[in-house]
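Data block below; observations after.
Please treat every number below as a calculation from the coordinates, not as lab data. None of these values were measured; they are calculated from a predicted model. We place every Cβ from the backbone using ideal geometry, glycine too, and count neighbours over all the protein chains shown.
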Amino acid sequence: MGRDFIVPGQMITGSGALTMAEEILRGFGKKALIITDKVMIQLGNAAHVEEALKNQGIEYAIYSEIVGEPTDKMIENGLSMYLKEKCDFLIALGGGSPIDSMKAIGALATNGGKISDYMGKVIKVPTPPMAAIPTTAGTGSEATQFTIITDTKKDIKMLLKGQVLMPALAIIDPQFTMTAPPKITAATGLDALTHAIEAFTSRKAQPLSDTFALSAVKRIFAYLPVAFREGTDLMAREQMSIASLEAGIAFNNASVTIVHGMSRPIGALFHIAHGLSNAMLLKECLGFVLDGAYDRFGELGRAVGVATDLDSDEAASQNFLKAVETICRELETPSLEEYGINKQEFMGVVDKMALDAMDSGSPQNSRKELSKEDLEQIYRNLW
């Protein structure tokens with residue numbers, strides 16, 4: 001059976017990637033809207049992008065009101081600035097939130113309406129040209145046709161999709177990840193690990209996505225602990241930037257499974273950053289679905305060196321799960337309780353979270369059959 005495989009229009013990776021991208025950006029349009037947050041301005045990262053645009057005589061405006069994970073209100077305000085400033089292309093600088101916001105603003109700029117209008121639909125009208133510059137190594141949003149926006153009226157995270165949401169240019173320059181603090185490095189890195197694991201064990205996996213997913217898992221196990229401990233290690237930062245891109249490409253084409261499905265409701269209701277809520281779920285979710293894909297998890301165990309060809313798939317899978325638990329501990333992933341979530345409040349919304357998770361469709365991509373009741377039990381197991 002033939003399979004589609006989608007990647008960004010162009011990718012530039014490594015030190016100096018932004019400089020290499022300048023002339024390409026000149027061909028995108030006359031005025032850019034830079035979508036970012038105030039931290040990127042304070043750290044001086046936005047200044048590098050501004051300089052690149054000035055070098056090419058490109059005008060720009062800056063929308064820096066992305067605070068936390070993007071909401072429908074942030075998108076509406078960003079669209080208003082895009083139209084008011086008469087911009088004709090978009091650049092996102094930051095983690096997954098600015099990149100997701102760029103996609104949503106771009107979609108509304110040409111499709112019209114409100115972002116909530118597109119939940120459950122495929123966005124088809126092409127956006128203005130978009131360039132993504134990630135400053136964290138984790139979300140992979142620079143390589144996906146998805147965007148996640150919170151609907152503040154319904155208190156849910158909307159997963160929106162369409163091939164037109166794929167950035168035309170991904171600029172993977174490790175200089176921008178050097179400023180990420182240890183906690184952000186850990187959370188986003190474990191997000192990338194989740195992407196890669198889920199892409200490899202998804203029902204929708206295919207040979208090309210497997211290649212990217214396996215490579216990402218191996219890089220992350222090798223370099224994420226280093227980037228966490230030694231944030232100025234350029235090699236570790238560069239390797240993690242590549243791993244994040246690989247994982248993004250992998251799950252963009254193979255989709256995600258149970259962890260992401262269960263993570264989004266936690267993020268929507270308790271406002272925990274997406275990467276961190278993924279990390280909190282890894283042990284319980286993967287432990288639950290392990291017996292549905294021993295062959296796939298076993299291959300991951302052998303890939304990261306915690307199992308050999310002499311081990312059975314089941315033994316190799318168990319060893320891989322232990323390795324995931326170990327890296328989560330090493331990166332100081334807190335439990336829900338340690339994070340400060342109220343147990344009674346959490347238990348009170350287990351039914352809603354399980355329903356929202358199932359409605360997302362992601363858990364159904366797991367190779368093990370899952371029910372709403374299964375997800376409710378996993379949520380309770382987190383305590």
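Tabulated values for the structure
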{"read-out": "Alpha carbon Rg of region 182-381, scaled by the compact-globule rule 2.2 N^0.38 Å", "value": "0.97"}
{"read-out": "Cut-off 20 Å, label 7 Å out along Cα→Cβ of Gln344, residues of region 367-383 by amide N", "value": "380-383"}
{"read-out": "Degrees separating the helix 45-55 axis from the principal Cα axis of the chain, which is the longest one", "value": "40"}
{"read-out": "Sites Glu230 and Lys73, calculated FRET efficiency, Cβ-Cβ separation with R0 41 Å, nearest 0.05", "value": "0.60"}
{"read-out": "Least to most buried among His271, His195, His260 (fewest other Cβ within 10 Å first)", "value": "His271, His260, His195"}
{"read-out": "Rg over Rh [alpha-carbon atoms, Kirkwood Rh] for region 79-132", "value": "0.94"}
{"read-out": "0 to 90° range, to nearest 10: angle between helix 258-270 axis and the chain longest Cα axis", "value": "60"}
{"read-out": "Cα shape, region 10-176, gyration tensor, a/c 1.5 rule", "value": "prolate"}
{"read-out": "Prolate/oblate/rounded label for region 119-207 (Cα gyration tensor, a/c 1.5)", "value": "rounded"}
{"read-out": "Equivalent ellipsoid semi-axes, the chain, via Cα gyration tensor eigenvalues times 5, rooted, Å", "value": "32, 23, 19"}
{"read-out": "Top positive-direction residue, dipole computed over the chain with Cβ charges, set Ala170, Ala186, Gly120", "value": "Gly120"}
{"read-out": "Extension gain, Asp4 back to Arg380 (0.36 nm per residue minus Cα-Cα distance, nm)", "value": "131.6 nm"}
{"read-out": "Cα long-axis angle, helix 234-254 against the chain (0 to 90 degrees, to the nearest 10)", "value": "80"}
{"read-out": "Dipole in debye (nearest 20) - region 215-317, about Cα centre, beta carbon charges: Lys, Arg +1; Asp, Glu -1", "value": "420"}
{"read-out": "Volume of the Cα convex hull of region 130-268, divided per residue and given in Å³", "value": "109"}
{"read-out": "Local electrostatic count at Thr139 - Lys and Arg +1, Asp and Glu -1, tallied over other residues with Cβ under 11 Å", "value": "-4"}
{"read-out": "Least to most buried among Leu169, Leu375 (fewest other Cβ within 10 Å first)", "value": "Leu169, Leu375"}
{"read-out": "Within region 182-381: Cβ-based charge dipole about Cα centre, in debye rounded to nearest 20 (Lys, Arg +1; Asp, Glu -1)", "value": "300"}
{"read-out": "Listed peptides 29-35, 304-310, 204-210 by packing density, highest first (mean Cβ within 10 Å)", "value": "29-35, 204-210, 304-310"}
{"read-out": "Within-12-Å neighbourhood charge of Ala17 [Cβ basis; K, R +1; D, E -1]", "value": "-4"}
{"read-out": "Virtual spin-label span in nm between Ala222 and Thr179, 7 Å along Cα→Cβ", "value": "2.9"}
{"read-out": "Estimated dipole of the chain in Debye, rounded to 20 [Cβ of Lys and Arg +1, of Asp and Glu -1, Cα centre]", "value": "800"}
{"read-out": "Charge dipole (the chain, unit charges on Cβ, about Cα centre) - positive-most of Gly96, Gln364, Asn55", "value": "Asn55"}
{"read-out": "The chain - mean residue ellipticity at 222 nm from DSSP helices (-39,500 (n - 2.57) per run, n ≥ 4, rounded to 500)", "value": "-17000 deg cm²/dmol"}
{"read-out": "Pairs from Lys322/Lys343; Lys121/Lys352; Lys38/Lys183; Lys204/Lys343 whose Cα-Cα separation, in the structure shown, is over 28 Å", "value": "Lys204/Lys343"}
{"read-out": "Computed FRET value (nearest 0.05) for Thr326 with Asp291, which takes r as the C-beta separation and R₀ as 22 Å", "value": "0.60"}
{"read-out": "For Arg302, net neighbour charge (Lys/Arg +1, Asp/Glu -1) across residues whose Cβ lies under 10 Å away", "value": "-4"}
{"read-out": "Exposure proxy order (Cβ contacts within 10 Å, fewest to most) of Phe320, Phe251", "value": "Phe320, Phe251"}
